[in-house]
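Structure first, then comments.
The values are calculated or read from the model by the stated rules, or taken from the named source; none is laboratory data. Since this is a predicted model, take the numbers as computed values, not measurements. So basically every Cβ, Gly included, is an ideal-geometry build from the backbone, and we count neighbours across all protein chains shown. Surface accessibility is based on the protein's heavy atoms, side chains included, excluding ligands, DNA and RNA. Shrake-Rupley method; radii C 1.70, N 1.55, O 1.52, S 1.80 Å.
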Amino acid sequence: MQIPPALNLLAISGSLRANSTNTALLGAAALLAPEGVAITVFEGLGALPHFNPDHADTPSPEVAAFVRAAVDADGLVIACPEYARGIPGTFKNALDWLVGSTQFPDKPVMLFNASPRANDAQAALRLVLSTMSARIVDDACITLDLLGRPWNAAAIVAESRLAEPVRKALATFCNAIQ
Ligand SMILES: Cc1cc2nc3c(=O)[nH]c(=O)nc-3n(C[C@H](O)[C@H](O)[C@H](O)COP(=O)(O)O)c2cc1C
């Protein structure tokens, strides 16, 4: 008999780039998840329609699936790049679809930052997420330097200076949730 995971986390990358460092970081997180913790990397960000409050109560199947996945998750793992010193529009669009959910407030969130110079986007993310009443677990938020070369999940896992902080942050996050 298969034992269900103790925690289900949803990982959301703010980048649509095929070789995204943020998406690679989340892929590594899925591989490094503590025992009993399942991390699913959301793959539908680019398919979400533009947010329109008129459609908030009658969402498209893509939006409904996204909101359901976020609401059902025990916590969100977010890795988002900085564009023009802010949150990429695609990712802010996804967050806007979650704003009206009555089940989102108090959702535990951890932030991975794949770029040490992306301070403005991180600050903006914190402002938006706290406005949405998410519970940002500060001790689980980390910055790693993945700038300047392509990465994939396996390469991150293989490099202990990157893998260890990810492992530790995930353990801290899961402890905070439980
Ligand atoms: C349109 C655009 C705007 C960017 N603006 C900034 C910026 O304001 N500050 C910054 O530190 N990096 C900026 N960058 C660099 C990205 O944040 C960086 O390349 C990041 O690694 C991309 O994440 P990804 O690898 O997950 O796609 C920008 C990149 C793009 C494509």
Task: Residues satisfying the stated conditions in the range 126-157, i.e. modelled with pLDDT of 95 or more and at positive phi - done: 133
Open item on the list: Conditions first: (1) out of contact with any Gly (no Cβ under 7 Å at 6 or more places or on another chain); (2) buried (at least 16 other Cβ atoms within 10 Å of the Cβ). Residue 80 passes all but one, so which condition is the exception?
Closed with: (1)
Open item on the list: Checking residue 101 against (1) modelled with pLDDT under 95; (2) open to solvent by 70 Å² or more (accessible area, probe 1.4 Å); (3) not acidic (Asp, Glu), only one condition comes out false. Which one?
Closed with: (2)
Open item on the list: Quick check on my filter: what residues within the range 136-167 are farther than 25 Å from residue 18 by Cβ and of a type in the set (Asp, Glu)?
Closed with: 138, 139, 164
Open item on the list: Return the pair list, or none, for Cβ contacts closer than 7 Å from residues in the range 138-158 that are free of Cβ contacts under 8 Å to residues at least 40 places away in the same chain to residues that are part of a loop (DSSP other than H, G, I, E, B), at least 6 apart or on different chains.
Closed with: 143/116; 145/116
TODO: Search the range 115-127 for residues that are more than 15 Å from residue 89 (Cα to Cα) and near the ligand (Cβ under 7 Å from one of its atoms) and pair each with any residue that is in a helix (DSSP H, G or I) and open to solvent by 20 Å² or more (accessible area, probe 1.4 Å) when their beta-carbon atoms are under 9 Å apart and the residues are at least 6 apart or on different chains.
DONE: 115/21
